[in-house]
Structures are given as C-alpha cells and as structure tokens.
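The values are calculated or read from the model by the stated rules, or taken from the named source; none is laboratory data. Remember, predicted model here, so these are calculated numbers, not experimental data. Please note: Cβ atoms are built from the backbone with ideal geometry, for glycine as well, and neighbour counts cover all protein chains shown.
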C-alpha cells in the first residue's frame, strides 16, 4: 500500500468532533466498530445542516426568492463536491439518490430493462452486497438475460480466470461489482474488470458504498460507466446517496421516478424529460441532507483519504494479529494489505449474534449477521459472521477492548 | 455489564444450546416446517408425530444463536403430550416465561422462531389457526424479522 509517512491522522484529536464519544458507560466511551455499516457524524456536518435549515432553507430550483436561491446554491454546491470527490468530468452526471441502493436500482431498472434480453449475460460477483445483486437478478429474470457470477477463492478474492467461460455464455452486457467488499473488506480489481467489460461491449457498474469512505476515488481512472455511493458511510447524514454515470448513457436512459422536477413539459398527450441530472431527480430531494453530504466530503477530504486508509490499515493489522492469537477464531478474507479496515471472523461454537450481544455488555459495538451478502455466506460455509470495522475515529484501544471482550465471550460460553 | 446482562446466558440456556433436547430428524413425520430469522441467520426445522391430535413425538434441527436453539429445545419439552390446538393457541409468553431471561425486541425474534415454525407445521398438518403474527407465513418457508 502506498502510504506517505506525513499522512498520519490523530484519531484521538478527531474524536473531539464526535459527541457520541463523550457518552461514557463505566468510564468508557463506546468502542464503535460498526462504521462499515454506518459512520458516526462530526459536529461540523450536524452544525452545517442546522445552519442550513435555519438560514438557507426552501425548496430547490423553482423559487425566485432569496431563500430558494440560497437553498439551490447549497444543494447544487453539494453536487459539485460529489463530482470533485470522485473526479467525474461533469456535475451534470451526478444524480442525488436516496442511497447507494437506490442508485444501483436506478441503473438496473432504467438501463437494464431497456438494454437486456435473452442471449445477454449480466455478470455480478459472489462478493456482492444484496444491493448490487438482487436488482440485477430481478431484472435479468424479467428480461430473460442470464445471471452469471464471478466466483471467489478461499481468501475471498475474485477468480478472474472464470471470465472466459462466462463470456462464452452469451453477450455480456453488464458487469457489476463492489470496489470493496462490505463483509470481507476485499479490494477488488475493478479497473481490470472494467477493461474486460468494455472488451465484451458491456457496461461496468461499480458499487463504491464501501470504498468511498476509505479510498481516493477517480471514476475516470477506474474506467467504469456507473458508480454509486452513499453519504451515511462517510460521516454524512443518512437518506442521501449519489449516482455517477457517463453522460451518453444517462441521456439515453428513461427516468426511474416520475413526477415534479424531472419534466421539461407536460401535456395531456405527452411529457418530455428535463435535462441531466434533473431527469433522475423527481420530487423534492433530501435537500439539507445533500448539503450535509457535501460538508462531510469536505471533512474527510480535509482529514485526508490517504491518512484514513493508512490509519485503518494499522488497526486492521493490529486486529488480525490479535485475533489470530485467540483459539477457535477463524478470520475470513484476504491479508491486511489487500483489504480496507474490515475484519469478519467467527468464534468456534458461538453464534455471531451471541458474540455481539456479550460484546455489547462491554459497550463494544460490532455487527453480527450475513451483512446482506447471503451468497457469500453460503460460499464461506457459515450462516453469519461477526464483523469489526474501523474509521478515522477508531483507536487501537478499541481493538484491545474487542480482544478482551472476545475472551469474555469464550468464558461465558466455556468455548 | 449488569446482572441483567449476565442472566441472558444463564446456565439452563447454555445447557440447552450445547445439549439440545429432541435434536435430529423424525422420519417419517406427520408434520414438518422450517423457518429462518434473517436477522441472525437462525434456521429451525421441526418434525412432529401425532397420536390422534396429541403431539406424541417432536424433534428439531437447526443452527443459529444460543437463544434460538435453546428456546426451540425447551419448546419441544413443553409441547410434547399436548394437542395440536392447545399448542396452536399457546401464547408466546408461556415459552418466554420458561426461557426466563430479559430479551431485547431483536432477540425476542430469536426466542420465538421455533414456536412460529411449530405453529406453521401444525397449521399445515391439522389446519389449526395461525395467529395474526404468523399470518402470511404459512408456506414452507417461514421468515420472521
């Protein structure tokens, strides 16, 4: 991993921005190890949203009065921040959605329904989150296209040697993959997949929900056609996400939702669509949330994505080393240098839900379950795992507490 | 950690989890059903034999958290010898009293999974009514959550 020594962040100092850590139980704050699910919010984001609601709030785009102008400027300013964050060529290609999930559904419905049919192949991977799996499975069934998956090896890495066989099944039209696996933290070779997809004449759809908080993103360098991510995993509010798509594709696509804002003109006979990106933003959007999303992107950019990546890497190395010392622990996924700050594991003879319950007694928050990746769970031969995940505010002490907590679990279960 | 916390994994729960009663497949069975709790990935299948309307034998298989598996194990002890209609109308509190631990709303779903699956099995075999909370779940595949 390319890490510059200068890029170190001070997590202890950053924690002053997060009021949640002021709350202590038995003298200790929460060891919040569930950032892969959703991150905590810094006061900079919360304060800015309150300020926006109090002084710049109105509905966007149509009002001619000052408040509406301010609201529109705030909302459109956030769009530009999203564009810059992923190095997209134009902010007209950035669409605000409700979530990364909605962004992926938008592509599957608007692009997939029009462009897929019998003889076509939709390719996903065994690592996908259900959000980038189920929409494609559904649309493939509906259109008669084949639904193929790229398998993973025992380390949870994609087996790209399966691509030739997949290509032989028909016309590959879509390849959809997460840049980072939400369950294993695996960093996937999306550039390679995008190049292969384009050789097949297919589009490349990237679910960056789990990558965007932790890695510098550049849609042009990735070579993808669509990319989706959400605000709430990057210190921003929930309820808003973003879809980036190449303009030619977005322009050809039909709208996903219909209503106000997305039209150019409506008559009893016909309706024509508004220009990009408004064609895909029917109804009043999550205005203040989009604004807060932009502020959150400023916040993490100021901390520095290289610094965040390096910080998480240190924690994941610490966690994997310490977990490996515990009898009966099985760690899933690739080595630390090929993953982000996520560790999924199981403790022999104790269900992850029981692990998480007992860790909660010590005010340690981890996630237990299938992490919306049931095909991956099947491949790993487990019903569920326990997952610890880190972010810019995570501390080495959090990892120490996790390890001590796991010993408590073993003691309780006599495992 | 509070005393309340520790009660969750009291000895009887861990005993039923590690040494489940009536565990395995009954073949042939007069009634079966299976179900999942997608939250934890708990899975439970139940197998029932009748003598008339009375549950003469019952077993279960499954995997999942200690609460779901221990609760189902305890359930098999409670219902053996009762009639299908008695069990169909058995309130979940009777099982929860037997389990006797404080449960958060999320863990409550783990605890009553086995009871729900059993009620579905009885409904399929004997036409016993399914209470409101289990309606729409009378296929082979019970999912609560």
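Out of (1) closer than 13 Å to residue A:316 by Cα; (2) within 14 Å of another protein chain (Cβ to nearest Cβ), what's the single condition that is false for residue A:354?
(1)
What is the number of the single condition among (1) surrounded by fewer than 22 Cβ atoms within 10 Å (Cβ to Cβ); (2) in contact with a strand residue (DSSP E or B) (Cβ under 9 Å, 6 or more places away or on another chain) that residue A:123 does not meet?
The single condition residue A:123 does not satisfy is (1).
Check whether at least one residue in segment A:85-93 is under 16 Å from the mean Cα position of the chain (by Cα), buried (at least 19 other Cβ atoms within 10 Å of the Cβ) and assigned by TED's automatic domain parsing to the domain that holds residue A:297, and report yes or no.
Checked segment A:85-93: at least one residue is under 16 Å from the mean Cα position of the chain (by Cα), buried (at least 19 other Cβ atoms within 10 Å of the Cβ) and assigned by TED's automatic domain parsing to the domain that holds residue A:297.
Kindly provide the set of residues from segment A:335-349 that are surrounded by 18 or more Cβ atoms within 10 Å (Cβ to Cβ), touching a residue at least 60 places away in the same chain (Cβ under 8 Å) and more than 14 Å from every other protein chain (Cβ to nearest Cβ), ordered by number.
Of everything in segment A:335-349, those that are surrounded by 18 or more Cβ atoms within 10 Å (Cβ to Cβ), touching a residue at least 60 places away in the same chain (Cβ under 8 Å) and more than 14 Å from every other protein chain (Cβ to nearest Cβ) turn out to be A:339, A:340, A:341, A:342, A:343.
Kindly establish whether residue A:302 is over 26 Å from residue A:401 (Cα atoms), touching a residue at least 40 places away in the same chain (Cβ under 8 Å) and out of contact with any helix residue (DSSP H, G or I) (no Cβ under 7 Å at 6 or more places or on another chain).
Taking the combined requirement at face value, the residue does not satisfy it.
Identify the residue in segment A:176-201 that is surrounded by fewer than 24 Cβ atoms within 10 Å (Cβ to Cβ) and closer than 20 Å to residue A:88 by Cα and, among all such residues, is farthest from the chain's Cα centre (by Cα).
Filtering first and then ranking leaves A:198.
Please work out which residue is farthest from residue A:409 (Cα to Cα), limiting yourself to segment B:1-26 and to residues that are loosely packed, with under 13 Cβ neighbours inside 10 Å and modelled with pLDDT of 90 or more.
Residue satisfying both the conditions and the ranking: B:25.
Scan segment A:359-374 residue by residue and report those that are in contact with a strand residue (DSSP E or B) (Cβ under 8 Å, 6 or more places away or on another chain) and farther than 12 Å from residue A:387 by Cβ.
A:362, A:363, A:364
For the subset of segment A:233-270 comprising residues that are free of Cβ contacts under 8 Å to residues at least 24 places away in the same chain and surrounded by 14 or more Cβ atoms within 10 Å (Cβ to Cβ), which member is farthest from residue A:32 (Cα to Cα)?
Once the filter is applied, the top-ranked residue is A:263.
What's the total number of residues in segment A:378-415 that are out of contact with any strand residue (DSSP E or B) (no Cβ under 9 Å at 6 or more places or on another chain), within 12 Å of chain B (Cβ to nearest Cβ) and either part of a loop (DSSP other than H, G, I, E, B) or closer than 15 Å to residue A:127 by Cβ (or both)?
Looking only at that region, the number is 3.
Considering (1) within 20 Å of the chain's Cα centre (by Cα); (2) part of a strand (DSSP E or B), say which one residue A:272 fails and leave the rest.
The failed condition is (1).
I'm trying to understand the selection: among the residues of segment A:103-112, which are surrounded by fewer than 24 Cβ atoms within 10 Å (Cβ to Cβ) and either over 10 Å from residue A:135 (Cα atoms) or not assigned by TED's automatic domain parsing to the domain that holds residue A:230 (or both)?
Scanning segment A:103-112 gives a single hit, A:110.
What number of residues within segment B:68-112 satisfy the criterion of being away from every other protein chain (no Cβ under 13 Å) and not in a helix (DSSP H, G or I)?
8
Checking residue A:330 against (1) surrounded by fewer than 18 Cβ atoms within 10 Å (Cβ to Cβ); (2) touching a strand residue (DSSP E or B) at 6+ places or on another chain (Cβ under 6 Å); (3) under 21 Å from residue A:30 (Cβ atoms), which test does it fail?
(3)
Tally up the residues in segment A:350-377 that are outside any helix (DSSP H, G or I), in contact with a helix residue (DSSP H, G or I) (Cβ under 6 Å, 6 or more places away or on another chain), touching a residue at least 24 places away in the same chain (Cβ under 8 Å) and under 25 Å from residue A:25 (Cα atoms), please.
3
Go through the residues of segment B:27-47 one by one and say whether even a single one is at pLDDT below 90, in a helix (DSSP H, G or I), closer than 24 Å to residue A:346 by Cα and within 13 Å of chain A (Cβ to nearest Cβ).
no
Pick out the one residue from A:46, A:9 that is surrounded by 12 or more Cβ atoms within 10 Å (Cβ to Cβ) and within 19 Å of residue A:316 (Cβ to Cβ).
Details: A:46 fails: within 19 Å of residue A:316 (Cβ to Cβ).
Only one candidate qualifies: A:9.
Of the residues B:51, B:57, which is away from chain A (no Cβ under 14 Å) and over 19 Å from residue B:120 (Cβ atoms)?
Numbers: B:57 fails: over 19 Å from residue B:120 (Cβ atoms).
The match here is B:51.
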